[in-house]
Each structure stands twice: as C-alpha cells, then as structure tokens.
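A quick write-up on the structure given underneath.
The values are calculated or read from the model by the stated rules, or taken from the named source; none is laboratory data. As the structure is a prediction and not an experimental result, all values here were calculated from the model. Here the Cβ positions follow ideal geometry from the backbone for every residue, glycine too, while neighbour counts run over all protein chains shown.
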Amino acid sequence: MTLIKSISGIRGTIGGKVGDNLTPVDAVKFASAYGTWLKNNNGNDNKILKVVVGRDARISGPMIHNLVVNTLIGLGIDVVDLGLSTTPTVEVAVPLESADGGIILTASHNPKQWNALKLLNEKGEFLNGIEGEKILQIAEAEAFDFSDVDSLGEIIENDAYMDIHIDEVLNLPLVDIEAVKAAKFKVVVDGVNSSGGIIIPKLLELMGVEVVKLYCEPNGHFPHNPEPLKEHLTDISELVVKEKADLGIVVDPDVDRLAFVCEDGEMFGEEYTLVACADYVLSKTPGNTVSNMSSSRALRDVTNQHKGSYEASAVGEVNVVELMKKNNAIIGGEGNGGIIYPELHYGRDSLVGVALFLTHLANKKMSVSALRASYPEYYMSKNKIELTPQIDVDAILVAMTEKYKNEDITTIDGVKIDFSEDWVHLRKSNTEPIIRIYTEAASQEKADALALRIIDEIKTVAGI
C-alpha cells in the first residue's frame, strides 16, 4: 500500500493507515491544503473562490469525490461539480467557468486500487513545482482555517461539460467532420470501463463514425491493466480484426492517453499517436513541436520534414507545457499517447487526438497500417525496477552518468544517454515507487538488448 506526495498532487492506494495510503483523512487533508493555497494565493477576503471538480469512474471515485467537494465547501469555496468526467474535460471547464482552479480525481493509468487528486490552476493547467511544493508544506503544517456556517461554499452541479468538451473539439478549424463522415470509418473503442467509454463513442458518432463498444460501461471495474500498452490490449486487437474495423481506439481511465490499433490488429504504437497528429497539424500550420525526453525521435524527424524546430523537455505534462509556451510550439505532448494542442487548451487530450487523427486518416485515404509505415521506424522498450528503501537512486544515476560520460548526456530529468543510433533514459517515477528505463533503437531487438544491458548495469551498481 502506498501514498505518493508530489508536486503534481497526491496519489495512493485506497484503505489502510492514515499517511501510508490514500485514506479519507488524507483526501480531506490535501483538499484542505489545496483550498487553503488558493485562498492564500488570491488574497482578497471578499472574493468567493470557485473550483471545478470531476472524477473518473474508479470504484473509490464517489467516496473521494464527496470528501473533496465537501472539504472545499467547508473552506468557503464554491464547487462546480462535473461528476463523472475526464481530465481534459475538467481542464477545459476551468477557464470556461472563470474558476480559480480545478481538481481531477483519478489515478490515470494506475490499477483500480489507486486514486489521486490532480491539481489545476486558474488556466486549467497543472501546477508548477513551486506551487505544488507550497501545497505540500501547507498539508504538512495542517495550516487550515475553515469557514463559519454563514460563509460555507455552494455546490453547482453541471453534467454538461463532456458534451461542451466535444463541441469545443469539433469546432477546431483543423477538425474536418465532413471528411471523416465521407470516409465511413468503423471503429472499435476500448473505454476500460471508465468515462472514456461515454465520451469517445459520443464524439465518434457525431463525426459520422460507426462505433463498436468494448468495455465502455463506466463502472470502474477495469477489465485489464488500464495502461494502454500492447500486452494489455489483446481483446481489442482481436475484435478489430473480427469486426473488420478500420481501427481501434484505446484510452486510459481519465482519457488523457490515447492509443490506436491498426486494421490488422497490430498496435499503431503509443509513441506514434503524437507523431501522426503532429504530422497532420504541421502540414496545415507549420511550426514547432515539443515532447518529453522519454518520447520517440520520430517526432523530431517529422518536425524537421515540415521545416519546424523540435525540443525535448523533462518528463511531466507541466514541463512539456512550459517548453511549448517558451518555443511557441503548435502541438506537443508525451510519447505515452498524450496530445497537447494549444488551439484548444494546454493539456493532454484524447478527444483532440482522436479528431485530428481521423481527419488526417480521412485526408490521406490510406489504411492505418499504411499510415504507420509512412513514418520513421523506431522501436522502444519500456522497463522498470521496483524500488526498495535500500536502493539509492541518486547514487545509481551518478554512477551511470560517470560510466557514459563520453556520450551525449542530459541530466535535467534523471539521466538520458544519447548514442548515435539509439538512446536510454533513466529516471525515478513521479507517480510510482520505481525507476523507469526507456530505450529506443532501430529495431525492437536492439531496444530490448540495450534495456537489458542497462538494467544489468544498474543492478550491479545497486548490488541487487
């Protein structure tokens, strides 16, 4: 059982002891810290603050949702309660509601025993490191001052925002509904029994797509590991072929990660979700791109083909967004299937990715597998080592940096070693007690071999 406190929020497993897991007490404590930070940040005693709150379909969602909403009410903060929602929907709702912040209750791709509070600012964007650290300090000190009975906040229920979000996506200039309708696509959707099972099919139907639903009942009982990786997606791969569908669409529980399945049942590749969407956007509106250091080189290659400039940020959505703003990137995101398209908002958004991808596919008039074959061939291996208290991660990273000091090394986020033909990125996860080891090479065999070599070297250094 685990409780992880980070600048991006608090994440943990349900049940157990206070301070060791995400218990009701911990949920109230960190909601109190966030609300207190908002009040301190605004400084105007006469202003009634407003926070948008939404959740995914996790089993623990209603419990955590009620605790968080009523804690904010107790602080004198009004809550726009979206109920069942998605991460990008809450992000879109915050500025539309002129709210002061937002909270998304989701543990993203983590299994069902996990939940989390993900915190947004008044722009609907994730907090930066300094802001997150202040909230952790307030929580540690329990420096809360709740409102009296005449100053309690109010709950404004609004279940329309998933529809509003869909409308915002369909109104984007580069989303061509008529082209998609004319293509007469048939698509299988795996919503992993969360809110994606509602919002993605609805979006597709409005674009004239025939939808076959798989695991689209938002009951929180995930039918497979909710991280959208190949090894977890055998059911949809088989159903795409059986249904003779044009493609499959997979999202994680909070709908900010997006993966596609080709018509032959093979994975399009989570890394290539962003590559394909960027290819389309850059073909219509030339410009720059950004992804994180653990993402494929393919985005760099495609950006260069369109005469744009590519930059890599530290891992973490807030870091990608910061660099996108700095470099005026017109699209960016993360290689885990996260599309960030500033034309709508600065947040990973599977709805935007679906709409852009289908428009691209309709314009190309080719199969999904043929589209995938048109991009540079890179293969990744994503591995991890479970951490124990005895493992000194910093010492491991220092040792690996020294070992490969003659290579092209970047240390803004763990250690990334760029070799001429491949690369490896080592970093401690912000959301799980693990070291992530990502490698990329020109073949799967080479990527796997590089990963195994690095893992052996790490284990030697760590003495495990």
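It is to be established whether one or more residues within segment 220-227 are assigned by TED's automatic domain parsing to the domain that holds Phe357, assigned to a helix (DSSP H, G or I) and touching an Asp or Glu at 6+ places or on another chain (Cβ under 9 Å).
No, the conditions are met nowhere in segment 220-227.
Restricting attention to segment 85-105, report how many residues are surrounded by fewer than 24 Cβ atoms within 10 Å (Cβ to Cβ) and more than 23 Å from Asn171 (Cα to Cα).
1
Residues of segment 147-161 being in contact with an Asp or Glu (Cβ under 8 Å, 6 or more places away or on another chain), surrounded by 12 or more Cβ atoms within 10 Å (Cβ to Cβ) and not small (Gly, Ala, Ser), which ones?
Glu154, Ile155, Ile156, Asn158
Condition first: surrounded by fewer than 20 Cβ atoms within 10 Å (Cβ to Cβ) and of a type outside the set (A, V, I, L, M). Now tell me which residues in segment 411-421 satisfy that.
Hits for segment 411-421 are Thr411, Asp418, Phe419, Ser420, Glu421.
Residues Tyr310, Tyr280, Tyr272: which one is free of Cβ contacts under 8 Å to residues at least 24 places away in the same chain and touching a helix residue (DSSP H, G or I) at 6+ places or on another chain (Cβ under 8 Å)?
Residue meeting the stated conditions: Tyr310.
Please work out which one of (1) among the charged types (D, E, K, R); (2) in contact (Cβ under 8 Å) with a residue 24 or more places away in the chain; (3) farther than 22 Å from Arg436 by Cα is the condition Arg297 fails and give its number.
(3)
Grab the strands (runs of 3 or more DSSP E) fully contained in segment 281-387, keeping just those with 3 or more residues being over 25 Å from Asn171 (Cα atoms) and not assigned by TED's automatic domain parsing to the domain that holds Leu258.
The strands (runs of 3 or more DSSP E) meeting that bar are 379-386.
Tell me, which residue of segment 409-439 that is in contact with a Gly (Cβ under 9 Å, 6 or more places away or on another chain) and in a strand (DSSP E or B) is nearest to Ala373 (Cα to Cα)?
Among those residues, the one meeting the criterion is Tyr438.
With respect to Val68, is the statement that it is more than 20 Å from the chain's Cα centre (by Cα), outside any strand (DSSP E or B), surrounded by 24 or more Cβ atoms within 10 Å (Cβ to Cβ) and free of Cβ contacts under 8 Å to residues at least 60 places away in the same chain true?
In short, yes.
Quick check on Tyr379: is it of a type in the set (Phe, Trp, Tyr) and more than 30 Å from Ile458 (Cα to Cα)?
So Tyr379 fails the test.
Return only the number of the condition from (1) modelled with pLDDT under 95; (2) more than 22 Å from the chain's Cα centre (by Cα) that Glu227 does not satisfy.
Checking Glu227 against (1) modelled with pLDDT under 95; (2) more than 22 Å from the chain's Cα centre (by Cα), the one that fails is (2).
Take Lys242 and decide whether it is surrounded by fewer than 16 Cβ atoms within 10 Å (Cβ to Cβ), within 17 Å of Phe185 (Cβ to Cβ) and of a type outside the set (S, T, N, Q).
yes
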